[in-house]
Amino acid sequence: MISSVRFTLLFILCAVLLGPAAYAQNIEAEVQHLNEQVAEARTNNLHLSSPRAFSDASEYLTDAQKKMQKGDKLSDIQRAVQRGHTQLAEAQNFTDIGGVILRDAFTSRNAALEVRAPEFSKDQWNDGEKALRSAGSEIEKGDQNDAREDAKEATDYYRKAELNAIQSNLLGTARTHRKHAQNAGAEKWARQTWKAADQKLQKADQLLKTDRYNREESRVLAEEATEHFKRARHLAETSKRIDDDVEKNAEQALLTYENHIGRIADALGTTVAFGDGTDAVTDRLVAAVQSQHDDRKNMRASLQERGDRIDQLQQVVDSMDARLATLEKREDNVSAQLQTQREREQMLNRVRGIFQPTEAEVLTSGDAIIVRMKGLNFASGSSEIQPKNFGLLTKLQQVIREFPGTITISGHTDAEGNDALNMKLSEQRSEAVHQYLTANMDLAPDRIRAIGRGESEPIASNETEEGRLQNRRIDVTIGF
């Protein structure tokens, strides 16, 4: 939060340096910023955990907006904005203690929101909101005991609201059809169907009360109850019509029933005669359905057989595609290797062309090149680089710029003299080259290193002066 003094200085600077128009724009931006902060505080539930401070911040925001619309003094608008920020800061101070005391209440509130409790259980939801705001007020007063009691009350209200919302969502349709069936007299005229539907609805309700998150089983029961209530309503309405004039309506009901059966028979491609009674009609319909079922079963078997054959062919195609892809990949790898090899050969030729035969020899070793600095000579027992070698080292820098890998500078001596002294001298000479390169090039410290090998890695015989001269060398290994 920016202090009032800093706010005042900020706005004075805006007025002096930027002029009235820019100052007014800055005021508008500050009001908008406060508006965003208030909205964020509401999202973080500060209107519940610290209702008084949040309410004051909101009022100051409204006051600042009204003053800005009326064109009041900029200092008055700025004062309202500052006070709004101060109240938000005060509300934020209660976040930690509120997070502890109101944790269960907020958890229950979120669970109730997920099942749309404000819509399906409005009274319990509003009671929960009232109790939670009361708990927040007690926290602001410093009365944690009363805050805990109010938070517990809010938690209970939210849990009731959540259960009511779940019941309304899952059982609402079934209860609506129960009422329709009841109004149609299903309790009297379709007693058995009504009873079965009511039992399913009661069981679904009881499941939710026992475990409100066991929703799938409750949903299935509620859907079954809905269908039973719809059927009970239909049976009740039909029974009442028949009862009004049994002699007339009973025959009509039977004829309607036979007509429905006839339509089913037509759809199955068969004919039925009701003169032999309903049992014979039923047997004929069952046989027709079974024939349709057998035909479909045979068709599915044929389709399955074809599908299996298609799968087999697809597997062959996939296998061939995989082999082709492997060959293409192998070809690509070979091409890439050849291309890499060509590029390396070209690079090596360029590098070899930099040096004269007496200056350096360029060798390869795996993924690296070795520049054997034949022309880099040191005085006997010395590690000082002589000016005559600066040109050769400049060429070495040119080579290093061609390759991105790490650099190892290895110092070597002949076998004359003491082993320990030779090792120390080789280290000093490689370090001298290391220091020269780092002083003249922008090289990361972890990319270059210097080591001494002493007389341990000769490349020629130490029995002759020519061989000893070759062994007194600097090798620079550079990774591709």
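What follows is calculated from the coordinates using simple rules that are stated; it is not laboratory data. Just so we're clear, the structure is a prediction, and the values are computed from it rather than from any experiment. In this analysis, Cβ positions are derived from the backbone assuming ideal geometry, glycine residues included, and neighbour counts consider all displayed protein chains.
A compact table of results
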| quantity | calculated |
| --- | --- |
| In the range 331-416, the GluC sites (Glu not before Pro) that fall in loop regions by DSSP, at most 11 other Cβ within 10 Å | E384 |
| Relative contact order %, the chain, counting alpha carbon pairs below 8 Å whose residues are six or more apart | 8 |
| Spin-label model distance (nm) - L113 vs A439, 7 Å beyond Cα toward Cβ | 6.8 |
| Length gained when the stretch N145-V317 is fully extended (0.36 nm per residue, less Cα-Cα span) | 54.5 nm |
| FRET efficiency estimate (nearest 0.05) - Cβ-Cβ, T176 to T256, R0 25 angstrom | 0.35 |
| Long-range HN-HN contacts of A450 with modeled amide H, under 5 Å | I409 |
| Ranking of T107, T271 by count of other Cβ atoms within 10 Å, fewest first | T271, T107 |
| Simple spin-label estimate for N214 and M347 in nanometres, 7 Å along Cα-Cβ | 7.0 |
| Cα-based shape type of the range 342-425, given that a ≥ b ≥ c are square roots of the gyration tensor eigenvalues and the cut on a/c is 1.5 | prolate |
| Difference of contour (0.36 nm per residue) and Cα-Cα distance, A29 to V289 | 86.1 nm |
| Cα gyration tensor category, rounded, prolate or oblate, for the chain with a/c compared to 1.5 | oblate |
| Cut-off 13 Å, label 7 Å out along Cα→Cβ of E402, residues of the range 332-362 by amide N | 343-356, 360-362 |
| Theoretical ellipticity at 222 nm over the chain - DSSP helices of four or more residues, -39500 (n - 2.57) apiece, nearest 500 | -25500 deg cm²/dmol |
| Where labels lie 7 Å past Cα in the beta-carbon direction, separation of R447 and F480 in nm | 1.9 |
| Exposure proxy ranking, count of Cβ atoms within 10 Å, fewest first, for I139, I407, I370 | I370, I407, I139 |
| Gain in span if fully extended, N44 to T95, counting 0.36 nm per residue against the direct Cα distance | 17.4 nm |
| Proximal aspartates and glutamates relative to K424, as straight alpha-carbon distance under 19 Å, when same-chain residues fewer than 8 apart are discounted | E384, D414, E416, E455, E457, D475 |
| Pairs beyond 28 Å (Cα-Cα), from K179/K209; K160/K188; K130/K179 | K160/K188; K130/K179 |
| Percent of beta bridges antiparallel (DSSP, the chain, rounded to nearest 5) | 75 |
| R109, R447 arranged by Cβ crowding within 10 Å, fewest neighbours leading | R447, R109 |
